[in-house]
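Worksheet: the structure to be examined is printed underneath.
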Amino acid sequence: MQAQEIKQRLQSLLQEASIIDPNLAKRLGEINRWVKNVKPGLLTAKPFLSLFLLQIILDADAWLKFKTLASVEEQQAAINALNPTVRYWYSDLFPKWLSEHDPKFYIWKQKLMAGEFSHQDQNLIKSIAHNMNQRNAGIVQRYIADLSMATDIIISSQQEKPLCIQLTSLADEYSQQKVDDWKMSLRFWGVERGLFLSYNPNVDDFVNRIVNISLHNSDHLHNGIYLKFNV
C-alpha cells in the first residue's frame, strides 16, 4: 500500500468508525490529525511510521468487521475462532488501548515522526517467529504493544495461554529501573503475567533458547508473576 493509499484508507476507516465505534473513531481521529499533513514522500521515508499505520489499518479493519456482526454472540464467536495470541490481542489489549488513556502515546508519536524509533530486535523477532511457527506456536507483534505496553511479542504454546514478553540484550540491561518500568506498564494495562527476557547474542543457539523458555513460561507461569530471566 502506497503512502497516499495509507492516508486515504485511514480516513475511510475513521468515517466508518464514527458510526460504529466511538473509541476506535477517537483513536483514528488522533492518528489522522497527526499524519494528514505529512507529504507522501516523507511518509515513505519513515518506514516504521508507515508500518505502524499499516498495522493500525489492519487492526481497525478487523475490529470494525467484528463490530458489524449481527449480535454480541456472533462477535465473540468470531474472535474466539482466532488463534490464542491474536484472540488475546483483539479481545483484551487492543480494546483496552482504544478505551483507556495511553500515557505514552504522545511520546512515541513524536519519536516515530522524528524517525527516532528503531526496532533493534526486528531481525531477532523474525527468527523467533520462524522458530515458533515451525513448532505450531502462536506469536503476535504489534507496535502499540511494543511502544505502550512494554511487550515485544505475545506468544502462546500448547495450553493456549498468551504471554507478553519483553526482549532486551544483556548489553541494554542497565538498571533495575527498566525492569520496574516494565512491570508497571504491564500492570497498568491489566496484563496478569509477563516475561522480561535478557539474552546474550553471543551464546550458541540463543534464539532456540529464547523460544524454549518463552513457550515453557507461556504454559506454566502463574498469574501475578512478572519473571525476569537471563538467557
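All of the numbers you see were taken from the coordinates with simple rules; none came from a lab. Computed from a predicted model, the values in this text were never measured in an experiment. As a convention, Cβ positions derive from the backbone with ideal geometry for all residues, glycine included, and neighbour counts pool all protein chains shown.
Annotation: extensible slack from Ser118 through Lys67 equals 15.0 nm (criterion: 0.36 nm per residue apart, minus Cα-Cα distance).
Counting Lys and Arg as +1 and Asp and Glu as -1 over every other residue whose Cβ lies under 13 Å from the Cβ of Gln141, the net charge comes to -2. Note on region 1-66: Kirkwood radius taken over Cα pairs, Stokes-Einstein applied at 20 °C and 1.002 mPa s, translational D equal to 182 µm² s⁻¹. Each helix, a run of at least 4 DSSP H residues, gives -39500 (n - 2.57); summed and divided by the residues of the chain, these come to -18000 deg cm²/dmol at 222 nm.
Among the trypsin sites (Lys or Arg not before Pro) found in region 1-100, those both in a DSSP coil and sparsely packed, with 11 or fewer other Cβ atoms within 10 Å of their Cβ, are Lys36. Around the amide H of Thr151, modelled in the peptide plane, lie the amide H atoms of Asp146, all under 5 Å away and 5 or more residues distant in sequence or on another chain.
Could you work out the per residue convex hull volume over the alpha carbons of region 77-215, in cubic angstrom?
Per-residue hull volume (Cα only) is 123 Å³.
What whole-number distance in Å separates the alpha-carbon centres of region 90-105 and region 187-231? When both Cα centres are located, 23 Å separates them. Rounded, prolate or oblate: pick one for region 178-231, where a ≥ b ≥ c are the square roots of the eigenvalues of its C-alpha gyration tensor, a/c under 1.5 means rounded, and failing that, prolate if a/b is larger than b/c, else oblate. Oblate is the answer for region 178-231, as a/c is 1.5 or above yet b/c matches or exceeds a/b. With a simple spin-label model that places each label point 7 Å from the Cα along the Cα-to-Cβ direction, the separation between Ser127 and Asn200 comes to 1.5 nm.
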